[in-house]
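> Pasting in a structure now, in structure tokens, and then I'll have a few things to ask.
The values are calculated or read from the model by the stated rules, or taken from the named source; none is laboratory data. Since the model is a prediction, treat every value here as computed from it, not as a measurement. Every residue, glycine as well, gets a Cβ built from its backbone with ideal geometry; the counts of neighbours run over all protein chains shown.
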Amino acid sequence: MTRLLLATALGIVIAVPASSETFRWASTTDPQTMDPHAVSSAPVLGFLNNVYEGLVRRGPDMTIEPSLATAWEPIGDGEGWRFTLREGVTFHDGADFTAEDVLFSYERAGSEESDVASWFAPVSEVIVVDDYTVDIMTTSPQPLFPDSIANWMMMDSGWAAANGAERPSRDTENFATRNVNGTGPFVLSDRQPDLQTVLTPFDGWWGEVEHNVTEAIFTPIQNSATAVAALLSGEVDMIEPVPVQDAERVDSNDGTRVIRGIESRVIMLGFAHDHEMLRNGEPNPFSDVRVRRAVAHAVNVPAILQTIMRGSAEPASQLVAAGTSGYSDTYGDRSAYDPDVARALLEEAGYANGFSFDFSCTNDRYLNDESVCQAIVGMLAQVGMEATLDAMPVSNYWPELREGNFDMYLLGWSPGTFDAEHPIRFLVHTAGERLGTWNFGGYSNPRIDELLPVMQSEIDPEARQAVMDEAAGIIQEDMVYVPLYVQPLLWGVREGVEVTQRPDNFLILRWVSIE
Amino acid sequence: MTDTPSPNSVQTERARSRIAIAWDSDLAYSFRRSPVALISFAVVLLLVLSAVFAPLVAPYDPFDPGTLNLMNGFTPPGEANAFTGETFLLGTDDQGRDVFSTILFGLRISLFVGFAAVALALILGVTLGLVAGYVGGMTETVIMRIADVQLTFPAILVAMLIFGIAKGITPPEYRDQMAIWVLILAIGLSDWVQFARVVRGATLVEKSKEYVQAARLIGRSPFAIMLRHILPNVLSPVLVIATISLALAIIAEATLSFLGVGAPPTEPSLGTLIRIGQGFLFSGEWWILFFPACTLLALALSVNLLGDWLRDALNPRLR
């Protein structure tokens, strides 16, 4: 009996360790690298925002606030920006954060090997004024520059040099792919790609700690039903996303709830504009705008939203969601679903008997992506376009697209700057070293290339909006992409867990608290 | 049989007498007396026939994307769809496909993969087993050690390995067309070992028997002896293993497809249907998972029970 009591007492002691709060969360996609400059995708940048920091950062409402820079001001008549750095900041390994690290991070993130080089397209030079002052010079006035670099994360120059990771590695690995040395509030304590990644608080962080997390464990769970089961059983504290079909169940279940929002991410179809041949060796019909318009008319977006997305997504008319700055109200209507118009357009383009092509699609990246793609295959078949669906995990997807192995593809784009200029810079501008880096289809329009610098430097809101409207008009007229819908944000959390949902779908651990 | 032409009456009589012999055989007797065997056989026959004649039986063609109406999605079984008013016997999935039709076509792929994989395993295993048992020596050692090594890995792991390699070397544009063949190859290659072991054992026993010695004495080639003399005498255990392997191959295919490495969603097997269906378990669309799962269960169970019965019926000690 005494023994039993003792055992019970011991059990209680073991079961309640002193104020240890482990936060477990799961998402469909594993951040494919720990290198903040190697891959510009939301899972990577969102995750790394917890370990690395930029000069500025975004608050819960997406406004820019000081981070590693305490203040910034324009230089002269728009020749650049001067950033005053925070003093006393150290990296996880104890090295001091200084202006040299900013210069190094610019060289690294702006290099050819980087996936985020387009952020620095207007930058001409970075000058170290003293240890805590940096001037970033631009080729033209860039009023929005500080807004555009919230995800530009600072890396320690000494650490990178010592480990041979001076340049990011996009498709292969280097030291920075699996190791982290940032200034952020969390330290990477265990990294097992595709299995689990563990973060623990950084004791030497400069900021004031608001969270009460002592350990945060991220597990990628590709199968959405498994993720829901894990949340319902209490195995994880949060999942992102909740599959649309399960949102009601998770919300009505005792002990879990759903946090809803509208993500800024627009799901769209992209085309091989500049390919001469389709992958099956036939001439490429997608270089003809009438065929692209036919696709836009053939896809029944309302039906997709009604059934597959269960009414929790909004149709999209352009590359950004309504409400994003620079969104064009003039071009706010998307092409109506009309298979007859689609057939007529195909006939006009000389494809009355239809054609076959490959449709590349992810199966683990966007909400119900594979179902949506299957439905699109059916809709296109009804007007004579025979698509073969090639659905694959996102880790194979981007390399395939970069190789040009596609005819038509599915893409989701969330503007990192919350401005309509962002997708134009990445997706529409003629592909080059720093601009148009995600313009896989090779669309090229000199007028767009002319308009982009204007959008970046124009200060007068009305004049700028006129430029944005013109660009949105060209993109819609040319049907560069077929925008489909704006993806909803659905996070499932356990009762007693407080998180802050930001429209860019980043989970910021320093805002997490556990009861 | 014979090259000399004979009158029709003789042929039919012969045929009739063959059926009569078969009907009077121990095996047929035992079959007629076993209700389990009769029921399982009826289930398997029904499933195989409906799979073979799927294009005639199925009310819709789920593989023709042009005929699908997304608005029919998630229609519960037997109820009219809220938008289109159409009714489906077993409901529809997320794409508006008739579940009943997808099961019939899925069954087709599952059975095809199962039969083809077993056929591959059987041909490979029996050949290697015969050679190992009859030739002996170094040949036997090499074959049987390979078999032993392969036995230390779970079959499904070997299948996944072969599937992965095959998928890696096929160009992406052929992946979907090749998926079914790769699946057959993977399951077949992971399953030959038990055939080889059994046949080798039986061959070792038969090899020393007098009729084989006699055949050798009159100078028949080793190939002829293996094929004409030994093979017919080692076939009954092979038949049992083949039946049980069929059930296992169907399950293996379903497992691989469930894990997402098997049949593509555009050409779903039962396993793919179950994988798709389990995404809707929590949201209440149970029929998308339930009916394919029941079909798979009925198929695998009946084939297994048939295999069990066959094993008992062919085992002289149990008679």
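> If a residue has to be within 15 Å of the chain's Cα centre (by Cα) and either in a strand (DSSP E or B) or over 23 Å from A:Leu45 (Cα atoms) (or both) to count, how many in the stretch A:504-515 make the cut?
Residues flagged as within 15 Å of the chain's Cα centre (by Cα) and either in a strand (DSSP E or B) or over 23 Å from A:Leu45 (Cα atoms) (or both) within the stretch A:504-515 amount to 1.
> Would you mind stating whether A:Ser124 is of a type in the set (Ser, Thr, Tyr) and assigned to a helix (DSSP H, G or I)?
Taking the combined requirement at face value, the residue does not satisfy it.
> Can you say whether A:Val341 is buried (at least 20 other Cβ atoms within 10 Å of the Cβ), away from every other protein chain (no Cβ under 14 Å) and at pLDDT 95 or above, as far as the supplied structure shows? Explain how you work it out, then say what you get.
Numbers: buried (at least 20 other Cβ atoms within 10 Å of the Cβ): no; away from every other protein chain (no Cβ under 14 Å): yes; at pLDDT 95 or above: yes.
Taking the combined requirement at face value, the residue does not satisfy it.
> Please verify whether the stretch B:142-156 includes one or more residues that are in contact with a helix residue (DSSP H, G or I) (Cβ under 7 Å, 6 or more places away or on another chain) and under 19 Å from B:Ser269 (Cα atoms).
We begin by selecting, within the stretch B:142-156, every residue in contact with a helix residue (DSSP H, G or I) (Cβ under 7 Å, 6 or more places away or on another chain); these are B:143-144, B:147, B:150-151, B:155-156.
Filter once more, keeping what is under 19 Å from B:Ser269 (Cα atoms): B:156.
Within the stretch B:142-156, one or more residues are in contact with a helix residue (DSSP H, G or I) (Cβ under 7 Å, 6 or more places away or on another chain) and under 19 Å from B:Ser269 (Cα atoms).
> Taking A:Glu347 and the conditions (1) within 24 Å of the chain's Cα centre (by Cα); (2) more than 14 Å from chain B (Cβ to nearest Cβ), which numbered condition does it fall short on, given that it satisfies the others?
(1) is the only condition that A:Glu347 fails.
> A further question follows. Filter the stretch A:351-367 for residues that are surrounded by fewer than 19 Cβ atoms within 10 Å (Cβ to Cβ) and without any contact (Cβ under 8 Å) to a residue 40 or more places away in the chain; which is nearest to the other protein chains (Cβ to nearest Cβ)?
If we take residues in the stretch A:351-367 being surrounded by fewer than 19 Cβ atoms within 10 Å (Cβ to Cβ) and without any contact (Cβ under 8 Å) to a residue 40 or more places away in the chain, then A:Gly354 is nearest to the other protein chains (Cβ to nearest Cβ).
> Would you pick out the residues in the stretch A:391-432 that are surrounded by fewer than 23 Cβ atoms within 10 Å (Cβ to Cβ), in a loop (DSSP other than H, G, I, E, B) and acidic (Asp, Glu)?
Listed by number, the list holds a single entry, A:Glu403.
> Tell me which residues, restricted to the stretch B:257-289, are away from chain A (no Cβ under 12 Å), farther than 19 Å from B:Ala51 by Cβ and either in contact (Cβ under 8 Å) with a residue 60 or more places away in the chain or crowded, with 22+ Cβ neighbours inside 10 Å (or both).
Once the filter is applied, which keeps residues that are away from chain A (no Cβ under 12 Å), farther than 19 Å from B:Ala51 by Cβ and either in contact (Cβ under 8 Å) with a residue 60 or more places away in the chain or crowded, with 22+ Cβ neighbours inside 10 Å (or both), the stretch B:257-289 yields only B:Trp287.
> Scan the stretch B:34-43 and give yes if some residue there is modelled with pLDDT of 70 or more, part of a helix (DSSP H, G or I) and either among the acidic types (Asp, Glu) or exposed (fewer than 12 other Cβ atoms within 10 Å of the Cβ) (or both), otherwise no.
For the stretch B:34-43, residues modelled with pLDDT of 70 or more, part of a helix (DSSP H, G or I) and either among the acidic types (Asp, Glu) or exposed (fewer than 12 other Cβ atoms within 10 Å of the Cβ) (or both): present.
> Can you pull out the residues in the stretch A:127-141 that are in contact with a helix residue (DSSP H, G or I) (Cβ under 6 Å, 6 or more places away or on another chain) and not in a strand (DSSP E or B)? If you could, list the steps in order and put the result at the bottom.
At the first step, the residues of the stretch A:127-141 found to be in contact with a helix residue (DSSP H, G or I) (Cβ under 6 Å, 6 or more places away or on another chain) are A:128, A:131, A:134, A:140-141.
Scanning the stretch A:127-141 gives A:Asp131, A:Ser140, A:Pro141.
> Quick one: what pairs do we get from the stretch A:141-155, first residue free of Cβ contacts under 8 Å to residues at least 40 places away in the same chain, second in a helix (DSSP H, G or I) and surrounded by fewer than 22 Cβ atoms within 10 Å (Cβ to Cβ), C-beta under 9 Å, 6+ apart or different chains?
The qualifying pairs do not exist here.
> Which residue out of B:Ile184, B:Ile165, B:Ile156 is without any contact (Cβ under 8 Å) to a residue 60 or more places away in the chain, closer than 13 Å to B:Val261 by Cα, assigned to a helix (DSSP H, G or I) and aliphatic (A, V, I, L, M)? Show your work before the answer.
Numbers: B:Ile184 fails: without any contact (Cβ under 8 Å) to a residue 60 or more places away in the chain; B:Ile156 fails: without any contact (Cβ under 8 Å) to a residue 60 or more places away in the chain.
Selected residue: B:Ile165, the only one of B:Ile184, B:Ile165, B:Ile156 that is without any contact (Cβ under 8 Å) to a residue 60 or more places away in the chain, closer than 13 Å to B:Val261 by Cα, assigned to a helix (DSSP H, G or I) and aliphatic (A, V, I, L, M).
> Any residue in the stretch A:481-503 that is more than 30 Å from A:Ser233 (Cα to Cα) and assigned to a loop (DSSP other than H, G, I, E, B)?
Yes, because at least one residue in the stretch A:481-503 is more than 30 Å from A:Ser233 (Cα to Cα) and assigned to a loop (DSSP other than H, G, I, E, B).
> Further question on the same structure: Would you confirm whether or not the stretch B:135-147 contains a residue that is in a helix (DSSP H, G or I) and either in contact with an Asp or Glu (Cβ under 7 Å, 6 or more places away or on another chain) or within 14 Å of chain A (Cβ to nearest Cβ) (or both)?
No - not one qualifying residue is present in the stretch B:135-147.
> Return yes or no: is B:Phe63 within 14 Å of chain A (Cβ to nearest Cβ), touching a residue at least 40 places away in the same chain (Cβ under 8 Å) and part of a loop (DSSP other than H, G, I, E, B)?
Yes; evaluated as a whole, the condition is true for this residue.
Residue-by-condition table, conditions (1) touching a residue at least 40 places away in the same chain (Cβ under 8 Å); (2) within 14 Å of another protein chain (Cβ to nearest Cβ):
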position: A:Asp369; (1), (2): yes, yes
position: A:Glu400; (1), (2): yes, yes
position: A:Leu411; (1), (2): yes, no
position: A:His422; (1), (2): yes, no
position: A:Ser444; (1), (2): yes, no
position: A:Val454; (1), (2): no, no
position: A:Pro461; (1), (2): no, no
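> With the structure loaded, tell me whether A:Arg170 is basic (Lys, Arg) and within 30 Å of B:Gly73 (Cβ to Cβ) or whether it fails that test.
Taking the combined requirement at face value, the residue does not satisfy it.
> Name every residue in the stretch B:94-126 that is in contact with a Ser or Thr (Cβ under 8 Å, 6 or more places away or on another chain), modelled with pLDDT of 90 or more and either within 14 Å of chain A (Cβ to nearest Cβ) or in a loop (DSSP other than H, G, I, E, B) (or both), in order of residue number.
Selection gives B:Asp98 alone.
> So B:Ala179 fits all but one of (1) surrounded by fewer than 20 Cβ atoms within 10 Å (Cβ to Cβ); (2) within 14 Å of chain A (Cβ to nearest Cβ); (3) of a type outside the set (Ser, Thr, Tyr); what number is the exception?
In the conditions (1) surrounded by fewer than 20 Cβ atoms within 10 Å (Cβ to Cβ); (2) within 14 Å of chain A (Cβ to nearest Cβ); (3) of a type outside the set (Ser, Thr, Tyr), B:Ala179 misses (1) alone.
> Taking helices (runs of 4 or more DSSP H) that fall entirely within the stretch A:203-301, which contain at least 2 residues that are within 14 Å of chain B (Cβ to nearest Cβ), of a type in the set (D, E, K, R) and surrounded by fewer than 20 Cβ atoms within 10 Å (Cβ to Cβ)?
A:247-252
> I've got another one for you. Tally up the residues in the stretch A:384-397 that are facing chain B (nearest Cβ under 9 Å) and more than 21 Å from B:Ala179 (Cβ to Cβ), please.
1
> Report the residue count in the stretch A:306-316 for those that are more than 10 Å from chain B (Cβ to nearest Cβ), on the phi < 0 side of the Ramachandran plot and surrounded by fewer than 21 Cβ atoms within 10 Å (Cβ to Cβ).
Pass one, the stretch A:306-316, residues more than 10 Å from chain B (Cβ to nearest Cβ): A:309, A:311-316.
Filter once more, keeping what is on the phi < 0 side of the Ramachandran plot: A:309, A:312-316.
Adding the requirement that they be surrounded by fewer than 21 Cβ atoms within 10 Å (Cβ to Cβ) leaves A:312, A:314-315.
Qualifying residue count for the region: 3.
> Could you grab me the full set of residues in the stretch A:42-77 that are farther than 23 Å from A:Thr200 by Cα and assigned to a loop (DSSP other than H, G, I, E, B)?
A:Asp61, A:Met62, A:Thr63, A:Gly76, A:Asp77 - these are the residues of the stretch A:42-77 that are farther than 23 Å from A:Thr200 by Cα and assigned to a loop (DSSP other than H, G, I, E, B).
> Provide a single number: the residues in the stretch B:237-273 that are outside any helix (DSSP H, G or I) and under 19 Å from B:Val158 (Cα atoms).
Residues of the stretch B:237-273 outside any helix (DSSP H, G or I): B:259-269.
Retained after the next criterion (residues that are under 19 Å from B:Val158 (Cα atoms)): B:259-263.
Residues in the stretch B:237-273 being outside any helix (DSSP H, G or I) and under 19 Å from B:Val158 (Cα atoms): 5 in total.
> I would also like to ask the following. Which of the numbered conditions does A:Leu490 fail, given that it passes all the others? Conditions: (1) of a type outside the set (Asp, Glu); (2) buried (at least 23 other Cβ atoms within 10 Å of the Cβ); (3) at pLDDT 95 or above.
Just one mismatch for A:Leu490, condition (3).
> Now for a separate question. Touching a Gly at 6+ places or on another chain (Cβ under 7 Å), hydroxyl-bearing (Ser, Thr, Tyr) and over 29 Å from B:Phe258 (Cα atoms): is that true of A:Tyr327 in this structure?
For A:Tyr327, the condition - touching a Gly at 6+ places or on another chain (Cβ under 7 Å), hydroxyl-bearing (Ser, Thr, Tyr) and over 29 Å from B:Phe258 (Cα atoms) - is not met.
> Scan the stretch B:191-210 and tell me whether some residue there is of a type in the set (D, E, K, R), under 21 Å from the mean Cα position of the chain (by Cα) and modelled with pLDDT of 90 or more.
yes
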